[in-house]
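Have a look at the structure below before the remarks.
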Amino acid sequence: MAIKNPENELNSTVENTFVTWSRQKGWNPLKIISGEGSYFTDSSGKSYLDMSSQLMCCHLGYGNKNVINAIKKQAETLSYIGPSFDTDIRETVSEKLKSILPDNMVKYFYGTSGTEANEAAIKIARMYMADKKKNKIISFYNSYHGSTLGSLQLTGDFRRMLVDSYENASGFLRVAPQFCYHCPFKLKYPECNLACAENLEYTIKQEGNIAAVIFEPVTGTNGVVVPPDGFVKRLREITEENDVLLIADEVMTGFCRTGEWFAVNHWNVKPDIITTAKGITAAYAPLSLTAVDKKISDFFEDHIFAHGHTYEAHPLMLAAASAAIDEYKNYVLDHVRRISPLFEKRIKELRENHVSVGDVRSIGLFGGVEINYDRENRIPFNTAQDKIDGKPLMVSRIAKYAMEHGVYLNTWISHFIVAPPLIISEEDLNRGFDVIDEALKISDAEVKK
């Protein structure tokens, strides 16, 4: 949701830069000048409780001195060196990652964004599978994996369709998602026997040349969809039985967001490749990670790793990651686990108290609230086409009320995401939910009678 600048004055940002995934006309952004803890402050001096960690990335909130000082120290020591050189900070971060990643992840490629991490994963999977003449990648509808050519082809929401007509690539397929609330097969769990997973296997067998399957262990932007019990394990079984690589996109779920270092840990599943970003530095610097297992690592001992870029393994970014990982280890992960029951209680109460809330889904400090015009028939207030056409969205009205009352929410078509900084206090968490509770009266007033 675009938050308007109350001063309504044209500034150089609007004149000279693009706002992403939006029409440019009418963009008049609120100017933010500082942040501290779980709050950020605008140019008028008003502070906002960040209940979505911006783009679900500010895991440590704002103003963390340990991360800031680590970046400063690295800048004074060695601000940049090419990726073919070794550095102390590269060794340090790699060793720290070994202690927190699933133990089959043995070699890493450092990029600067989640979309880059997924682009690397696409190329790695195809290079590894080239001798078997497997090049296709399967992803799921209702997913988001990035905005560059390859990662956008993986994406299963309408953002891909916005560019498909003039830019696309071959070798990508999408299948029905694991979304029980909006089951594409019109079935109910567990009587469905995981039809979504079996549909995936059918597709793999019919295509015959699948290199990899990529999935979000918990669907992020598109609703915080927690998979049904057994789905992730069955996914791993299917890919192993069919000699297909499994890529876990943990860009949003990695680094303690779900109450585990990585979401796949909830189901004791070890993918062949993990991609992550956002939380790796808690958004203090742009960094991403593509991690692979031993068989893939061994493959590239005698095959060219045909990938790379200027800012791979950038020392400043790695310094931020090193400090952020220390923060997670020292207190943050424990804090997330302690406060998650309160988070789950408060988000469930939203559905109990509001007729417009169709479904709530959460794991750790990661939640989605879906609002419906007709809860009984699961009909939303708005659709993707409404967003494309620039029509007013109900979630935008809810977010506007929240901002007016000092709480920021990230919204998307017919749901909003509750994913506060992992350092949030119980008091602030309750305050945020109290404001959301009031804001939902707006949608309650307009449900189908």
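The values are calculated or read from the model by the stated rules, or taken from the named source; none is laboratory data. On a predicted model such as this, the values are computed, not experimentally measured, just so you know. Cβ coordinates were reconstructed from backbone atoms using ideal geometry, including for glycine residues, and neighbour counts include every protein chain displayed.
ASN193: part of a loop (DSSP other than H, G, I, E, B) and not hydroxyl-bearing (Ser, Thr, Tyr), yes or no? So ASN193 passes the test. Looking at the structure I just gave you, is SER22 modelled with pLDDT of 95 or more, assigned to a loop (DSSP other than H, G, I, E, B) and closer than 24 Å to ILE398 by Cβ? Spelling it out, it is not the case that SER22 is modelled with pLDDT of 95 or more, assigned to a loop (DSSP other than H, G, I, E, B) and closer than 24 Å to ILE398 by Cβ.
Looking at GLU349, GLU376, can you tell me which residue is more than 23 Å from the chain's Cα centre (by Cα), in the same structural domain as THR411 (by TED's automatic domain parsing) and in a helix (DSSP H, G or I)? Just a single option satisfies the conditions, and that option is GLU349. With respect to the conditions (1) within 23 Å of the chain's Cα centre (by Cα); (2) assigned to a loop (DSSP other than H, G, I, E, B); (3) at pLDDT 95 or above, LEU49 lacks only one, and its number is (2). Any residue at all in the stretch 352-375 that is without any contact (Cβ under 8 Å) to a residue 60 or more places away in the chain and over 24 Å from TRP21 (Cβ atoms)? The answer is yes, given that some residue of the stretch 352-375 is without any contact (Cβ under 8 Å) to a residue 60 or more places away in the chain and over 24 Å from TRP21 (Cβ atoms). Only residues that are surrounded by 13 or more Cβ atoms within 10 Å (Cβ to Cβ), more than 23 Å from the chain's Cα centre (by Cα) and within 23 Å of ASP157 (Cβ to Cβ) were counted in the stretch 389-406, giving 1. Residues in the stretch 218-242 that are charged (D, E, K, R) and in contact with a strand residue (DSSP E or B) (Cβ under 9 Å, 6 or more places away or on another chain): ARG236, GLU240.
Among the candidates ASP437, ASP386, the residue that is over 30 Å from GLY37 (Cβ atoms) and either surrounded by fewer than 21 Cβ atoms within 10 Å (Cβ to Cβ) or among the acidic types (Asp, Glu) (or both) is uniquely ASP386.
The rows are residues; the columns are (1) touching a Pro at 6+ places or on another chain (Cβ under 7 Å); (2) under 22 Å from ILE214 (Cβ atoms); (3) surrounded by 20 or more Cβ atoms within 10 Å (Cβ to Cβ).
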residue: SER288; (1), (2), (3): no, yes, yes
residue: ILE304; (1), (2), (3): no, no, no
residue: ALA313; (1), (2), (3): yes, no, yes
residue: ALA319; (1), (2), (3): no, no, yes
residue: ALA324; (1), (2), (3): no, no, yes
residue: ILE339; (1), (2), (3): no, no, yes
residue: GLU352; (1), (2), (3): no, no, no
residue: VAL355; (1), (2), (3): no, no, no
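When THR41 is tested against (1) on the phi > 0 side of the Ramachandran plot; (2) surrounded by 13 or more Cβ atoms within 10 Å (Cβ to Cβ), exactly one condition is not met: (1). When TYR141 is tested against (1) within 26 Å of PHE300 (Cα to Cα); (2) modelled with pLDDT of 95 or more, only condition (1) is not met. Select, from GLY146, GLY82, the only residue that is surrounded by 14 or more Cβ atoms within 10 Å (Cβ to Cβ), small (Gly, Ala, Ser) and either in a loop (DSSP other than H, G, I, E, B) or at positive phi (or both). The unique qualifying residue is GLY146. For the stretch 116-152, the set of residues classified as free of Cβ contacts under 8 Å to residues at least 40 places away in the same chain and over 20 Å from THR276 (Cβ atoms) consists of ALA130, ASP131, LEU149, listed by residue number.
Screening VAL225 against (1) within 22 Å of the chain's Cα centre (by Cα); (2) surrounded by fewer than 19 Cβ atoms within 10 Å (Cβ to Cβ); (3) touching a residue at least 60 places away in the same chain (Cβ under 8 Å) leaves a single unmet condition, (2).
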